Amino acid sequence: MSRGCFIVIEGIDGSGKSEQFQRLTKRLKKRGYKLVATREPTKVYPVGRLIEKVLREEEQVSEEALALLFAADRADHTERKIKPALEEGAVVVSDRYVHSSLAYQSRGMNKELDINWIEKINRFALEPDAVIFLDISPEVGQSRLSNGQVRIKDHSYFENINQQEKIRMVYLEVLNLHDSPLGSKKVVVSQAGGTKVYRVDGVLPVDAVEKIVWRQVSSLLKELNVEAEGKDSKVESLTKFIEE
């Protein structure tokens with residue numbers, strides 16, 4: 001059995017990331033791929049549940065401790081769910097992964113942490129096969145949030161335009177996208193280590209973004225020889241469609 005494929009969807013607040021996550025996973029499921037749809041922080045594992053309490057301000061920890069909790073949740077998530085699913089030949093799609101920590105924890109919290117330290121504590125994370133980065137300006141993201149997008153209350157300064165721009169710039173740096181201006185192309189393909197990066201113009205209409213994302217993902221799956229089992233195939237409990 002061939003190894004599966006690990007795809008991560010990233011973006012700043014208001015980028016449309018969660019919407020495209022839902023659309024992509026529904027397409028994959030419909031076409032009969034063995035699928036695990038997941039997210040970070042997790043909600044089903046102990047550390048992830050603690051992170052949720054911190055973000056909802058039901059518990060308080062230092063910024064350093066929060067970064068360590070995210071790294072611990074990721075290590076647990078990777079060992080319990082992502083690695084076994086990949087070994088079973090599944091397509092794993094995650095709403096956020098390690099690049100979120102690099103961007104948000106180094107520039108998005110009250111105390112900016114050293115990005116090299118963040119990388120070090122996340123050394124147990126996997127290198128995704130692909131990252132889909134939905135790129136928008138902070139102004140567009142804030143306007144979407146102001147128009148009713150629901151988001152969790154937390155102690156990070158996500159409503160701050162300057163803060164969001166800092167987060168976006170880290171994303172561009174770690175994903176090797178800093179030479180591609182916003183809006184220059186509908187999609188830009190780059191490489192960050194062993195990860196293929198697709199920078200998609202998140203300002204485009206939702207349906208257009210969905211088509212671009214699917215075109216890139218379907219091409220990647222062919223390249224990696226990851227085949228669908230068929231629309232009528234049974235999906236094993238380990239790799240069933242999961243919405244957390």
I'd like to know if segment 39-47 contains one or more residues that are out of contact with any Lys or Arg (no Cβ under 8 Å at 6 or more places or on another chain), part of a helix (DSSP H, G or I) and modelled with pLDDT of 95 or more. yes
Counting only residues that are acidic (Asp, Glu) and out of contact with any Gly (no Cβ under 8 Å at 6 or more places or on another chain), which one in segment 183-214 is farthest from residue 11 (Cα to Cα)? 207
Check whether at least one residue in segment 70-88 is within 16 Å of residue 122 (Cβ to Cβ), basic (Lys, Arg) and either crowded, with 19+ Cβ neighbours inside 10 Å or at pLDDT 95 or above (or both), and report yes or no. yes
Can you go through 4, 11, 16, 32 and tell me which one is surrounded by fewer than 17 Cβ atoms within 10 Å (Cβ to Cβ) and under 27 Å from residue 199 (Cα atoms)? 32
Whichever residue in segment 183-217 is within 23 Å of residue 126 (Cβ to Cβ) and of a type in the set (Ser, Thr, Tyr) and, among such residues, is surrounded by the fewest Cβ atoms within 10 Å (Cβ to Cβ): 190
Counted residues, segment 1-33 - those being within 16 Å of residue 81 (Cβ to Cβ), in contact with a strand residue (DSSP E or B) (Cβ under 7 Å, 6 or more places away or on another chain) and either of a type outside the set (A, V, I, L, M, F, W, C) or in a strand (DSSP E or B) (or both): 6
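The values are calculated or read from the model by the stated rules, or taken from the named source; none is laboratory data. Everything numeric in this text was worked out from a predicted model, so none of it was measured. A quick note on method: Cβ atoms are made from the backbone with ideal geometry, for glycine too, and the neighbour counts reach across all protein chains shown.
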